[in-house]
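A short worksheet on the structure shown next.
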Amino acid sequence: MYISETTVRVRYAETDKMGYVYYGNYMQYYEIGRVEALRSLGSSYRDMEDNGIMLPVFLCSIQYLKPAFYDDLLLIKTIIKELPTAKILFEYEIYNQKSELINTASTSLVFINRTTNKPCSAPEFFMQKIKKFF
């Protein structure tokens, strides 16, 4: 299992009229978590794209437990519980600065060969980096 943690501060523009983080903005927080998780593994979306691989989101599931507010410092915990195949599953836990769990989610992304536009196995260069955590 692999776990990565990163923080993000809620910007005013991310909130709605009620002062809550607008629900759609959580997808951006998950992307921040994914990007930083890949980066901490020694890889990146750029590496994937430079090697002809795209990673579109296939499925997303979200549970909103408590609201986040302007200027909150959020901890995004990104978890990979299983080795990728043709897809990779990311799970997320978002905590506020009081260490309260406010949001959970998962996204499933598919490795797509940019030339054929068809699913493919996770690239070997990425598998070499992630295997040591399983």
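Table for the structure above
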item: Size of electric dipole in region 19-106: Cβ of Lys, Arg +1 and of Asp, Glu -1, about Cα centre, debye, nearest 20; result: 160
item: All lysines inside 30 Å of K98 as judged from Cα atoms, apart from same-chain residues fewer than 8 positions distant; result: K17, K66, K77, K81
item: Summed residue charge, Cβ within 10 Å of L109's Cβ, Lys/Arg positive, Asp/Glu negative; result: +2
item: The chain - percent relative contact order, Cα under 8 Å, separation 6 or more; result: 30
item: Low-density loop positions, chymotrypsin sites (Phe, Trp or Tyr not before Pro), region 1-79 - DSSP coil, at most 14 other Cβ in 10 Å; result: Y22, Y70
item: Among Y64, I32, M48 - extreme Cα towards positive end, dipole of the chain, charges at beta-carbon; result: M48
item: Low-density loop positions, GluC sites (Glu not before Pro), region 41-116 - DSSP coil, at most 14 other Cβ in 10 Å; result: E82, E100
item: DSSP-assigned coil residues among trypsin sites (Lys or Arg not before Pro) in region 31-110, each with at most 15 further Cβ atoms within 10 Å; result: K81, K98
item: Convex hull volume of the chain per residue (C-alpha atoms, cubic angstrom); result: 106
item: Sorted largest first, extent of region 59-134 alpha carbons per principal axis (Å); result: 44, 28, 19
item: Cα gyration tensor shape for region 93-134, rounded if a/c is under 1.5, else prolate or oblate; result: oblate
item: Estimated [θ] at 222 nm from DSSP helical runs (n ≥ 4, -39500 (n - 2.57)) normalised by residues in the chain, nearest 500; result: -6000 deg cm²/dmol
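Any read-out appearing in this document is the output of simple, stated calculations on the displayed coordinates, not a laboratory observation. Remember, it's a predicted structure, so these values are computed and weren't measured experimentally. Because the Cβ atoms are built from the backbone with ideal geometry, glycine has one as well, and the counts that use them run over all protein chains shown.
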